[in-house]
1. Per DSSP H run of at least 4 residues, take -39500 (n - 2.57); add these up for the chain, divide by its residues and hand me the 222 nm value, nearest 500 deg cm²/dmol.
2. Along Cα→Cβ, 7 Å out, is where each label goes; now give me the distance between the ones at THR330 and LEU136 in nm to one decimal.
3. For SER325, SER185, what ranking results if the residue with the fewest other Cβ atoms within 10 Å of its Cβ goes first?
4. Under a point-charge model restricted to the Cβ atoms of Lys and Arg (+1) and Asp and Glu (-1), what is the dipole moment magnitude of the range 111-188 relative to its Cα centre, in debye to the nearest 20?
5. Would you be so kind as to identify which of VAL179, LEU136, TYR157 lies farthest towards the positive end of the dipole of the range 80-179, taking Lys and Arg as +1 and Asp and Glu as -1 on Cβ and the Cα centre as origin?
6. Once fully extended, how much extra length lies between ARG341 and ALA307, figured as 0.36 nm per residue of separation less the alpha-carbon to alpha-carbon distance?
7. Would you be so kind as to identify which of ALA77, PRO116, VAL55 lies farthest towards the positive end of the dipole of the range 44-146, taking Lys and Arg as +1 and Asp and Glu as -1 on Cβ and the Cα centre as origin?
8. Among ASP327, ASP234, ASP150, whose mean-square fluctuation peaks in a Gaussian network model of the chain (Cα, cutoff 10 Å)?
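Just so it is clear, none of the values below were taken in a lab; they were calculated from the coordinates. What you see is a predicted model, and the numbers here were worked out from it, not measured in a lab. Cβ sites come from the backbone with ideal geometry, for glycine too, and all protein chains shown count toward neighbours.
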Amino acid sequence: MRIVLDHHAAAPPVHEHVTDAVKTPSLIRLAPNTVLVRFETLKVYAALGAVRHLVDTGVLRPGQTVVDSSSGIYALALAMACHRYGLRCHIVASTTVNDAMRAQLEILGVTVDQMPPSDDLRLDQNRRVARVRELLALHPDMHWMRQYHDPVHHLGYAEPADLLRRALPGEPLTVVASVGTGASSGGLTRALREHDPLTRLVGVQPFGSVTFGSERFTDPDAIIAGIGSAIHFDNVHHELYDRVHWLDFRHAMAATIGLMREHAVFAGLSTGAAYLAAKWEAERDPLRTHVVIGPDTGHRYTDRVFARHREALDSALLDPVEIASLDELTPPWAVIDWARRPYGPAVPTQERTHERRKDPVP
């Protein structure tokens with residue numbers, strides 16, 4: 001085979017800071033109407049957008065300490081944003097943060113408070129919120145980033161939305177993404193709908209999350225902390241979502257292993273869950289391009305997912321139960337037409353009832 005080099009190809013950019021390098025995703029076409037947007041760490045967009053805005057508006061000043069709670073990905077993104085803008089960083093870390101992640105944070109100068117081991121996601125999140133409140137009482141000058149509730153975290157996603165429009169010009173898009181804090185899926189979709197109001201959004205949830213009403217279920221093996229939540233998040237705007245899928249751990253694991261087998265993509269569990277939902281959606285709506293958001297790589301899941309690949313179900317044999325109301329919700333995989341409707345009154349949490357500021361949704 002003769003390899004021809006293109007000597008006129010544009011030279012790669014020289015970045016001024018690592019955040020510019022790691023935030024840019026790779027777009028991989030998995031099928032004629034399915035494209036994976038693979039990030040090294042998606043939340044760099046949220047952290048950079050938020051910190052840049054807060055610095056530019058004078059809310060933050062160089063040398064000040066920001067604090068927040070995180071299960072890992074946001075913590076590293078915030079640490080890198082603080083490194084770039086000359087801020088100090090304090091992270092109250094979930095019990096799920098592993099040694100490799102903690103070492104990176106500490107090398108970047110982050111002060112890390114890690115919660116004790118727990119299988120209870122609600123207890124872990126409530127402990128983290130309580131610890132943040134303790135820190136704010138001791139250090140009033142700290143700024144609470146409030147990634148779960150402050151709409152400033154939506155701002156950074158206008159950039160990847162523009163990237164998608166340029167990469168897929170004229171294609172009607174359906175975004176398929178884990179719900180999580182709501183900032184990435186919401187910010188991205190809102191920016192896309194400014195140009196095409198018909199852009200669809202499909203959210204993916206684990207069983208046990210309060211965000212879309214599955215808290216009555218438990219999934220003992222679930223480690224998909226970045227998809228759902230045991231507390232309510234103000235950054236989730238339910239009226240943005242057209243459809244919602246709930247998947248248990250075994251289905252998410254099957255899809256994550258399947259993604260690597262079929263496409264050689266080593267990605268996290270939430271990427272696998274979104275991939276499974278997107279395949280189902282793409283079969284039913286073949287004229288739209290389904291954009292799968294892959295927020296991180298698979299390194300955090302090496303032991304609990306990839307090392308167990310022989311146990312994985314065949315994702316090609318899996319199908320959801322289609323439901324018409326939350327009363328019909330049932331594991332292991334269910335899907336509902338959410339139809340961009342609100343969810344109902346939010347339940348106050350410790351974090352939201354002690355807000356320092358309230359910005360309009362961007």
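1. Details: 9 runs with 111 residues, N = 362.
Result for the chain, helices only: -9500 deg cm²/dmol.
2. Each label point lies 7 Å from its Cα, and together they span 4.3 nm.
3. SER325, SER185
4. Working: 8 positive and 10 negative charges, 19 e Å.
For the range 111-188, the charge dipole is close to 100 debye.
5. LEU136
6. Gain in length upon complete extension: 8.3 nm.
7. The Cα lying farthest towards the positive end belongs to VAL55.
8. Sorting by GNM fluctuation, first place goes to ASP327.
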